[in-house]
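Structure first, then comments.
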Amino acid sequence: MNKNYIIPNEWSIIEDGFDAENVEASESLFSIGNGSMGQRANFEEDYSGKTFQGSYIGGIYYPDKTRVGWWKNGYPEYFAKVLNAPNWIGIQVQINGANFDLNTCEISNFKRELNMKEGWLSRSFQAVLPSGEQIELFTKRFISVKYNEVGAIEYAVKALNFSGEITFTPYLDAGIENEDSNYDEYFWETLEISESLNKACILSKTLKTEFHVATAMEVSFALNNKAVELTQENKVEEKAIYYSYKLAVSEGDTATIYKYGSYVSSLNYANDELVKAAYENVTNAKDLGYQQLLEAQIKSWDEIWHTADIIIEGDVKAQQGIRFNIFQLNQTYMGTDARLNIGPKGFTGEKYGGSTYWDTEAYCIPFYMATKDANVAKNLLLYRYNQLDKAIENAEKLGFKNGAALYPMVTMNGEECHNEWEITFEEIHRNGAMVYGIYNYVNYTQDFEYVPKNGLEVMIAIARFWHQRANFSAAKNQYVILGVTGPNEYENNINNNFYTNYLAKWCIEYAVECLNRVKKEYANDFERVIAKTNLTAEETAKWLEVSNNMYFPFDEGKNVYLQQDGFLDKEIIPVDELPKSERPINQKWSWDRILRSCYIKQADVLQGMFFFENKFSKDELERHFDFYEPLTVHESSLSPCVHSILAASIDRMPKAYEQYVRTSRLDLDDYNHEVHEGCHITSMAGTWMSIVQGFGGMRVWEDGILTFNPQIPAEWKSYSFTINFRGNIIKVYKSQTECKFFNESENEVHLFIKGEKISIPAQQLVTV
Ligand code: BGC
């Protein structure tokens, strides 16, 4: 796999020159989406080379039967996967009867561009077919943000050296598979294929989950930019429908097909309305026309960028990197639907099944909270609230009682999908992230009302879980939590993981604090929640007995909290001293060697110190950073951002920058040699945090005060970012010599910069 083939550019991802080796990587990198659906950048025309087809609809999944080596009681029966959906982009092309396939042609001037400013993907090149015809091809496509069930393609072929016939065969194909299917099963059943002039529709349903999806297309044509009507020839197969159109061309002519596609699903329509709705979508799109749809697209992205853009001067690659992250996050989730969430690969691949992980609460919420209005982050919280009953059932299955909840490690509809005991049953720290998400949201938005209305029930159920999961150790005379996996998945079945114990204690304390406040300020809600949960003062007293007496492994000599009991028994050798040839250790070492080693996959103790930085002194942060960071291999994409932010907060800018670079271009430069599988979407939110919270030093703790401590890497001239803080748009600019804040809103805004209070009147710029 070639690395570093993406051309640096401030607003676009560009591939210059065709290399079949890069096709699958580019299919991931150039993915497009609109939060409701998305797809890999597969070619429209047939391609016989290596390719990974993918087009996905948010919330449409299939329960693939679990595959494990040795079954353990409590494992879920299935793993829900976002499905590869029927293909709507396909257009076969024949030149004088010969099929056009990039893999068999001589290609020149190949250029692919993902324009992030305007939200479209294009491809252009010249090709010589084996039969000698030369063509020039230009194609552009996008998935509309405004009309969120619609996509559009412009596909133009110029006859360079011949006169004759160009045949376009646009098609819909529901005979698709998932690459990661456990038993090579088909996940879709085709119910109905309908045809009519220039448009067609396939109604299909997912097996088992019975989601119904209608996929429609409608086409129109132009010759040398003038609309032409053509006659279609139809071919209907069991799972696909093809229309062929022939255009007579003279040398120099350009034949263009416009293809409009739509997915509609039973998430939003009654089953018997789907076909009609899909047809309406494509016809409306065609009537509006490609150009108008594109203009609407440009406007939608302009609005998104207004509150989301980060500008970096003096480093084009860094600029491209951060915009790529922001762009992909928006393509994955727009926040308008509380049933959807953010899969670690978004709509760019199948790995992780498109399911929801703790990544959302721990990494993504801050991004959506600060770049969109508060409802977006709230929808992410409501997603978990709506799945509370399932989390309680999940805990019951594992033997917990009395309304205790264990949120799943991996889920689509609230049920656990993960099936490795050391993670499914033991990586329980994820429960803490659910509460941390609420805490973060309340601090940032000051919308405490979310707690009495929804959040409190979640917190009670989670506090119950921690109370039951901890046990009293007579030997230690304290409460302990045994048999867990922390965020560092390179340790399993350990006792007293600092991070897990810390979160357990904190979750209980925060739940009790919120209960007290709700009792005082929201008496009706308090009564409702107490009645629903049967919570008594005796029970909360028992929780507090656990949280007040929680054990934390600590080493007096080194003056640090230990990641877990016995951590110092390991042979401690910094990562720097490992030969390069042995890394990444997850590819080079046996699993047992990894487990016994001191190497840390991703922030663990430091994840806790990142979450609760205000509860530790700078000395403590430094000491723990200096102890753990050198042992960290950062083999999870979620790792570098946390270290970058912590490094900035202890004034280690070179380290912060080193870790930032690693996170920001992780996919563009394919650091992990796996971008062909899809992009690392959830860690992209971490990249955003590295700038805003890391370099910008933005924090909002319990007091609700917005604070900044802007610093700048030596490598950059300046950077600026925008946040939406409680409805007020604030722009922050930092250069090597200056720091400015612009309050774009109609209200005066108060904030603290390096500990000093500043008030910025409406529409004013303040230099500090
Ligand atoms: C990380 C987890 C993360 C998951 C999905 C794993 O490699 O260790 O913390 O939730 O990937 O991003």
message: Against the conditions (1) more than 21 Å from residue 361 (Cβ to Cβ); (2) not assigned by TED's automatic domain parsing to the domain that holds residue 314, where does residue 726 fall short? Just the number, please.
response: (1)
query: Which ranges mark the helices (runs of 4 or more DSSP H) fully within segment 328-400 that have 3 or more residues being surrounded by fewer than 24 Cβ atoms within 10 Å (Cβ to Cβ) and away from the ligand (no atom under 16 Å from the Cβ)?
result: 374-385, 388-397
- prompt: How about segment 31-54: which of its residues are among the polar types (S, T, N, Q) and open to solvent by 10 Å² or more (accessible area, probe 1.4 Å)?
  reply: 36, 48, 51, 53
Any hit, segment 282-298, residues being buried (at least 24 other Cβ atoms within 10 Å of the Cβ) and either among the aliphatic types (A, V, I, L, M) or in contact with a Cys (Cβ under 8 Å, 6 or more places away or on another chain) (or both): yes
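With the condition kept exactly as written, say whether any residue in segment 503-515 is within 19 Å of residue 615 (Cβ to Cβ) and aromatic (Phe, Trp, Tyr).
Yes, that holds for at least one residue.
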query: Checking residue 84 against (1) at pLDDT below 95; (2) surrounded by fewer than 24 Cβ atoms within 10 Å (Cβ to Cβ), which test does it fail?
result: (2)
field: Scan of segment 666-721 for residues that are in contact with a Gly (Cβ under 6 Å, 6 or more places away or on another chain), within 16 Å of the ligand (Cβ to nearest atom) and aromatic (Phe, Trp, Tyr), ordered by number
entry: none
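In segment 598-627, how many are within 16 Å of the ligand (Cβ to nearest atom), in contact (Cβ under 8 Å) with a residue 60 or more places away in the chain and not charged (D, E, K, R)?
Looking only at that region, the number is 8.
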- prompt: Do we find that residue 341 is modelled with pLDDT of 95 or more, of a type outside the set (A, V, I, L, M, F, W, C), under 17 Å from residue 410 (Cβ atoms) and in the same structural domain as residue 694 (by TED's automatic domain parsing) in this structure?
  reply: yes
- prompt: Does segment 744-761 include one or more residues that are surrounded by fewer than 18 Cβ atoms within 10 Å (Cβ to Cβ) and among the aromatic types (Phe, Trp, Tyr)?
  reply: yes
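Examine segment 494-509 for a residue that is open to solvent by 10 Å² or more (accessible area, probe 1.4 Å) and within 16 Å of the ligand (Cβ to nearest atom), and state whether such a residue exists.
Scanning segment 494-509 turns up at least one residue that is open to solvent by 10 Å² or more (accessible area, probe 1.4 Å) and within 16 Å of the ligand (Cβ to nearest atom).
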message: Yes or no: segment 565-583 includes at least one residue that is under 27 Å from the mean Cα position of the chain (by Cα) and at negative phi.
response: yes
message: Residues to consider are 295, 361; find the one that is farther than 19 Å from residue 663 by Cβ and at pLDDT 95 or above.
response: 295
Top-ranked residue in segment 45-69 [being part of a loop (DSSP other than H, G, I, E, B) and in contact with a helix residue (DSSP H, G or I) (Cβ under 8 Å, 6 or more places away or on another chain); ranked as nearest to residue 155 (Cα to Cα)]: 45
task: Select the helices (runs of 4 or more DSSP H) contained entirely in segment 589-655, then report the ones holding at least 2 residues which are basic (Lys, Arg) and surrounded by fewer than 17 Cβ atoms within 10 Å (Cβ to Cβ).
output: 591-596
Odd one out for residue 320 among (1) within 16 Å of the ligand (Cβ to nearest atom); (2) assigned to a helix (DSSP H, G or I); (3) among the polar types (S, T, N, Q): (1)
- prompt: What is the residue count in segment 154-168 for residues that are within 34 Å of the chain's Cα centre (by Cα) and of a type outside the set (Asp, Glu)?
  reply: 2
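The values are calculated or read from the model by the stated rules, or taken from the named source; none is laboratory data. Everything numeric in this text was worked out from a predicted model, so none of it was measured. Glycine gets a Cβ as well: all are built from the backbone with ideal geometry, and neighbour counts include every protein chain shown. For the accessible areas, the whole protein counts, side chains as well, though only heavy atoms, and no ligand, DNA or RNA atoms are used. Shrake-Rupley method; radii C 1.70, N 1.55, O 1.52, S 1.80 Å.
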